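See below for the structure under consideration.
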């Protein structure tokens, strides 16, 4: 949700900012704008719609300068429109702001400012920030202090960048709460600011990430950071390992398709440095876990949202089956309000692609308050979920641009499996032969995923046959029940076809009423301990005229006699089968959406990183 890009240096800021905003389109937005300072005046160009409309506007009405800020907005207060788009100017036009987050007390502030004679030009909460900064600047005569005082008046979580025509040699960036990241990119004689790394990684890989309650003064050749109380902070400079090319589509039609195929590499990278190939042991140094702490763990609470929550559901089975630790999976938006019974010997494990999801960060904070050990599985290097945790497992998936997560779903499945094996080993639950067996199974997965991907043309043909359906029912059992949920979610996210995932045994308790010749039933019927039960579900669906699409294990001779269509996958060790079984469901959803001519990478109403509640 919402993207921020800013620049200060010797180059023209306009093309740098616009190209940076394009790199953030995946976050979801409905308007875009840019403000550039030149010759003592701030020029603003903004419009509703896609960035190409902003580009056309800038081409018609050029602006240029060596310092500027830009924004893509996902509407909260006020409909998508030119006047509601960021950046927002103060009344005197000397201060301009871009902002991620929600000003929870904006109505009170708006009334206060209106009573003082301020006339508002938009419906947004963000405009109050610009007017407050102008108000405090009149007293402080210092932009940094004016922003500091403004933040003290705001309720909610915020990430913002401020520019003033009266202080043309600096930008002010700030972060308060969990409203998404604020990264400062350190270049040579130039500085960059962004809400997410892909926007600026082509210019520099050296970055500093602001923590909540920190404000930075950024000049072209240096920066300084303070907290809200005015105390100097020495932030950690991090080097981002991503190759800028990895954030480009290359020869693929969409980022989502590219990322589906990148899963072989992502899963291979996930193993590097974590598997001791000589002794068949798992090493997770990032958890900072000693044997005593590992032995004291009584329960693990997995918290996440959306696709990450489905990964957590698989993780529950892995951790309980292998490490024999009780696990509860709670959707992060519920965890933060549920007052869960979490103790000092429990772990709260957060899973997040972006590491900036507001609900997930709030759940981690709740866990911290209750004294739990905090772990995270995160894809974005330097994100708050990574920094806030006591220990972290990095997904190693590389940048994921498509809104519908694919490789950042399968990577944490591998991470959770490794975590289960690691904990079981440390706690003395595994024989040497069992540990070797589990680790050897893990090493098979990248090649098995590659085999599943090779069947994309077959899955694409099935997708073409079903592209006009109005709904679908997805069924799975055991460790593949969450994969039914995930398959249904993928279809909903990018094709806008209503789909529901169910535990297969629950079909007769309600969903079977929906089954007819118009409703495809997608079943995960691979050769595992639940196979016979899944065959029973297939027969029940067929008896009622349902069209059955089966995910099935290569070599199965029974399933072709029952199912209408089959998406084949190679035989896989059952504890790791979700990693392989989800592949055809990702491909199926992708090709249905493309057949319908939809925007696969930026589906309507969705954002990659949900940084507001």
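For this structure, a couple of remarks:
- Separation between Cα centres of region 134-184 and region 416-454, rounded to whole Å: 48 Å
- The label-point distance for residue 11 and residue 443, in a model that sets each label 7 Å from Cα toward Cβ, rounds to 4.5 nm.
- Summarising the overall dimensions of region 456-595 from its C-alpha atoms, the Rg and Dmax are 13.3, 36 angstrom.
- Computed E for residue 227/residue 554 - FRET, C-beta separation, R0 60 angstrom, nearest 0.05: 0.55
- Note on 588, 120, 144: ascending count of other Cβ atoms within 10 Å places them as 120, 144, 588, the fewest first.
- Whole-angstrom gap from region 501-556 to region 455-487, using each part's C-alpha centre: 11 Å
- Here the contact order of region 1-119, divided by its residue count and restricted to Cα pairs under 8 Å and six or more residues apart, works out to 30 percent.
- Rounded to 5, percent antiparallel among DSSP beta bridges of the chain: 60 percent
- Taking Cα atoms only, the orientation of helix 456-466 departs from the longest principal axis of the chain by about 90 degrees.
- Alpha-carbon spread of region 137-243, three principal axes, descending order, Å: 45, 28, 22
- Highest mean packing first, where packing is the average number of other Cβ atoms within 10 Å per residue, the peptides 31-38, 206-213 line up as 31-38, 206-213.
- For region 99-225, the relative contact order comes to 21 percent (Cα pairs under 8 Å, sequence separation of at least 6).
- Relative contact order for the chain, counting Cα pairs under 8 Å that sit 6 or more residues apart, in percent: 12 percent
- A Förster distance of 60 Å, applied to the separation of the beta-carbon atoms of residue 105 and residue 321, puts the FRET efficiency at 0.80.
- Cβ crowding within 10 Å averaged over residues, with 518-531, 39-52 ranked highest first: 518-531, 39-52
- Over 28 Å [Cα-Cα, region 249-453], rounded percent: 23 percent
- Cα gyration tensor shape for region 404-465, rounded if a/c is under 1.5, else prolate or oblate: prolate
- Within region 3-244, the proportion of C-alpha pairs whose separation exceeds 22 Å stands at 47%.
- Rounded, prolate or oblate (a/c below 1.5 giving rounded, otherwise prolate when a/b exceeds b/c) for region 246-307 by Cα gyration tensor: oblate
- Degrees separating the helix 106-115 axis from the principal Cα axis of the chain, which is the longest one: 20 degrees
- P(r) weight above 22 Å for region 379-483, C-alpha pairs, percent: 53 percent
- Residue-span extension gain [residue 169 to residue 431] - 0.36 nm each, minus C-alpha spacing: 87.9 nm
- Between helix 13-23 and the chain: long-axis angle, C-alpha atoms, 0 to 90°, nearest 10: 20 degrees
- Once the Cβ-Cβ distance of residue 341 and residue 60 is raised to the sixth power relative to R0 = 51 Å, the FRET efficiency obtained is 0.25.
- Paramagnetic reach from residue 369 in region 176-214 [backbone N under 16 Å; point 7 Å along Cα→Cβ]: 177-178
- Mean-position separation - Cα centroids, region 1-40 and region 299-337, in angstrom: 38 Å
We did not get these values from a lab; they are worked out from the coordinates using the rules stated. Worth saying up front: this structure is predicted, and the values here are computed from it rather than measured. Every residue, glycine among them, receives a Cβ derived from its backbone with ideal geometry; neighbour counts consider all protein chains shown.
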